[in-house]
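> Got a structure here, written out as structure tokens. Questions coming.
The values are calculated or read from the model by the stated rules, or taken from the named source; none is laboratory data. Predicted, not measured: the structure shown is a model, and the values here were computed from it. Glycine gets a Cβ as well: all are built from the backbone with ideal geometry, and neighbour counts include every protein chain shown. Accessible surface is based on the protein model in full, side chains and every heavy atom, while ligands, DNA and RNA are left aside. Shrake-Rupley method; radii C 1.70, N 1.55, O 1.52, S 1.80 Å.
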Amino acid sequence: GENVEQHPSTLSVQEGDSAVIKCTYSDSASNYFPWYKQELGKRPQLIIDIRSNVGEKKDQRIAVTLNKTAKHFSLHITETQPEDSAVYFCAFRGSTLGRLYFGRGTQLTVWP
Amino acid sequence: EAGVAQSPRYKIIEKRQSVAFWCNPISGHATLYWYQQILGQGPKLLIQFQNNGVVDDSQLPKDRFSAERLKGVDSTLKIQPAKLEDSAVYLCASRDLKSYEQYFGPGTRLTVT
């Protein structure tokens, strides 16, 4: 079956530093790769997504890069702030039925 | 616009009991999803509806789980009988057909004792 590997499972950074989370997916025909942020006890919220026809997308302090050949995509957060602390999930859209496959999540902690 | 609504927010039941969850998607969203999120893991799709038809229920444990979306709007997910391993957050999400973005509801936290 389809799957996505997400690393690291936990990440601690100092405020102001950068954070990078990486994912590897299985479906070479996938065309949509979202990232969700989930704060404790709350719903997952989309923070950025990328389609397969571009290699990079930025939105203020967050960016996502996609390498379709290697089936890798990454989330980059610059100038981290304590409010960035949350669990981040990567996902990809399966090409057969369009369902999302989620990674296991990365617990990001930003220390002031 | 109003978001995805779910109820109840919390439910505690004993094993072998039954439970039902309700979801009201964003108005106009034809696609509705039910996910199971076990503590420390990402959401796992249980079932996907488009309008009132099932698109994907390959991961739904059909011996105990059922779901319906009779009029193509609200949906209910039922577990009967519940097992300890069903303890999780059940998330509902919806999507407009013109977009890939899924919007999640607040979830129902189920504890089976």
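> In the stretch B:1-77, which strands (runs of 3 or more DSSP E) lie fully inside it and hold 1 or more residues that are of a type in the set (Ser, Thr, Tyr) and farther than 24 Å from A:GLY98 by Cβ?
Working: elements: B:5-7, B:10-13, B:19-24, B:31-37, B:44-50, B:53-56, B:65-68.
Those strands (runs of 3 or more DSSP E) span B:5-7, B:10-13.
> While we're looking at this one, here's another question. Against the definition (open to solvent by 50 Å² or more (accessible area, probe 1.4 Å) and within 14 Å of another protein chain (Cβ to nearest Cβ)), how does B:GLN50 come out, yes or no?
Values: open to solvent by 50 Å² or more (accessible area, probe 1.4 Å): yes; within 14 Å of another protein chain (Cβ to nearest Cβ): yes.
When the stated conditions are applied, B:GLN50 passes them.
> Please state which one of A:ILE62, A:ILE48 is closer than 30 Å to B:CYS23 by Cβ, more than 14 Å from chain B (Cβ to nearest Cβ) and touching a strand residue (DSSP E or B) at 6+ places or on another chain (Cβ under 7 Å).
On inspection, the qualifying residue turns out to be A:ILE62.
> Looking only at the stretch B:92-113, count every residue that is closer than 15 Å to B:VAL19 by Cβ, open to solvent by less than 50 Å² (accessible area, probe 1.4 Å) and within 13 Å of the chain's Cα centre (by Cα) and tell me the total.
Of the residues in the stretch B:92-113, 4 are closer than 15 Å to B:VAL19 by Cβ, open to solvent by less than 50 Å² (accessible area, probe 1.4 Å) and within 13 Å of the chain's Cα centre (by Cα).
> When only residues in the stretch A:81-106 that are in contact with a Ser or Thr (Cβ under 7 Å, 6 or more places away or on another chain) and more than 19 Å from B:GLN36 (Cα to Cα) count, which is farthest from the other protein chains (Cβ to nearest Cβ)?
This residue is A:SER85.
> Sort through B:ARG9, B:ARG64 and tell me the only one that's in contact with a Lys or Arg (Cβ under 9 Å, 6 or more places away or on another chain), away from chain A (no Cβ under 14 Å) and basic (Lys, Arg).
On inspection, the qualifying residue turns out to be B:ARG64.
> Then there's this: Looking at this structure, is A:TRP35 open to solvent by less than 70 Å² (accessible area, probe 1.4 Å) and modelled with pLDDT of 95 or more? Give the steps one after another, and end with the answer.
On the way: open to solvent by less than 70 Å² (accessible area, probe 1.4 Å): yes; modelled with pLDDT of 95 or more: yes.
Judged against the criteria, A:TRP35 is a match.
> Collect the residues in the stretch B:49-68 that are under 30 Å from A:SER52 (Cβ atoms) and touching a strand residue (DSSP E or B) at 6+ places or on another chain (Cβ under 8 Å), keeping them in residue-number order.
B:PHE49, B:GLN50, B:VAL54, B:VAL55, B:ASP56, B:ASP57, B:GLN59, B:LEU60
> Does A:LEU40 satisfy the condition of being among the hydrophobic types (A, V, I, L, M, F, W, C), out of contact with any helix residue (DSSP H, G or I) (no Cβ under 6 Å at 6 or more places or on another chain) and facing chain B (nearest Cβ under 9 Å)?
Spelling it out, it is not the case that A:LEU40 is among the hydrophobic types (A, V, I, L, M, F, W, C), out of contact with any helix residue (DSSP H, G or I) (no Cβ under 6 Å at 6 or more places or on another chain) and facing chain B (nearest Cβ under 9 Å).
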